[in-house]
Amino acid sequence: MPDHDIHQRLEALTNRLYRLVDEKNGNLVDPGVVAVSQEMDGLIVSIQRAQLRARQQDSVSVQLA
């Protein structure tokens, strides 16, 4: 998934999470809130892994040069 799409997805999930929390009167343990939060966590981990791979590839390229 391209970076732009990932960041749009993360923004959409953030907005959805805020709306759900507001609808549930701040209830952070509501199953819907937890599900969106977990989906966001997974997306953030994916972003971090992609960034780490990119840095590792850059490091290998520099070492080979």
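The values are calculated or read from the model by the stated rules, or taken from the named source; none is laboratory data. These figures come from a predicted structure and were not determined experimentally. Here Cβ is always computed from backbone atoms with ideal geometry, including for glycine, and neighbour counts include all displayed protein chains. Protein only, heavy atoms only, side chains kept; ligands, DNA and RNA dropped before computing areas. Shrake-Rupley method; radii C 1.70, N 1.55, O 1.52, S 1.80 Å.
Quick notes on this one:
- Whole-number D in µm²/s for the chain (Stokes-Einstein; Kirkwood sum over Cα pairs; 20 °C, 1.002 mPa s): 158 µm²/s
- The chain, accessible surface, carbon-and-sulfur percent (1.4 angstrom probe): 53 percent
- Gain upon complete extension [Ala50, Ala12; 0.36 nm per residue less C-alpha separation]: 11.7 nm
- Degrees, to the nearest 10: 3-23 long Cα axis against longest axis of the chain: 20 degrees
- Over the chain, Cα pairs under 8 Å with separation of 6+ residues give a relative contact order of 31 percent.
- 3J(HN,Hα) from dihedral phi, segment 32-47, Karplus parametrisation 6.51/-1.76/1.60, rounded to Hz, x for glycine, proline: x, 5, 4, 4, 5, 4, 5, 5, 5, 4, x, 5, 5, 4, 4, 4
- Per residue, the accessible area of the chain comes to 79 Å², computed with a 1.4 Å probe over protein heavy atoms only.
- Net charge over other residues, Cβ less than 9 angstrom from the Cβ of Gly32 (K, R count +1; D, E count -1): -1
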